[in-house]
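Here is the structure we will look at, set down as structure tokens.
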Amino acid sequence: MPDARIMAAVVAAPGLGFAFTPDRLSHVSVPVQLWSAEQDANVPYASNTRLARAGLGSRAEFHSVPGAGHFSFLAPCGLLKPPGVCSDPGSFDRKDFHASTNASVVGFFDAHLNAP
């Protein structure tokens, strides 16, 4: 159901891709920034984000993150570093990634929420 309070959305690594059929996404009228991690073994692009991207069509601003894993979208870890959520593939730099991604997300919301 559409919700007038939501004027734009950012979605990272959407799971349950089979639920994102074109008819289910046809009511989404707001711009969506969609992110996918290239090395995501938990919710692979082909069976998840690809379906959401196809269903949203031109309403989605798509970003694929080279070298990122599923948990790379979580904030950089602090003192505690549980390996399941704090380990990234290869030499992926989560801190640098978040600096640029956060700027992109803020820019996206600025463009769509503060428009005259």
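Below are the figures for this structure:
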| quantity | calculated |
| --- | --- |
| Share of carbon and sulfur in the accessible heavy-atom surface of the chain [1.4 Å probe, %] | 62 |
| Charge tally in the Cβ shell below 12 Å around Gly69, where Lys, Arg are +1 and Asp, Glu are -1, Gly69 excluded | -2 |
| Helix-only mean residue ellipticity at 222 nm for the chain, each DSSP H run of n ≥ 4 adding -39500 (n - 2.57), per residue, nearest 500 | -9000 deg cm²/dmol |
| The stretch 6-67 - convex hull of the alpha-carbon atoms, volume per residue in Å³ | 71 |
| Principal-axis tilt of helix 94-113 within the chain, Cα atoms, nearest 10 degrees | 10 |
| Accessible surface, per residue, of the chain when the full set of protein chains is kept, probe 1.4 Å, Å² | 62 |
| Spacing of the two label points (7 Å from each Cα toward its C-beta) at Ser104 and Val85, in nm | 2.3 |
| Cα Rg, Dmax (largest Cα-Cα span) when computed across the chain, Å | 15.0, 45 |
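The values are calculated or read from the model by the stated rules, or taken from the named source; none is laboratory data. Remember, predicted model here, so these are calculated numbers, not experimental data. When we count neighbours, we look across all protein chains shown, and the Cβ atoms used for this are built from the backbone with ideal geometry, even at glycine. Remember, those area values only see protein heavy atoms, side chains included, never the ligands or the DNA or RNA. Shrake-Rupley method; radii C 1.70, N 1.55, O 1.52, S 1.80 Å.
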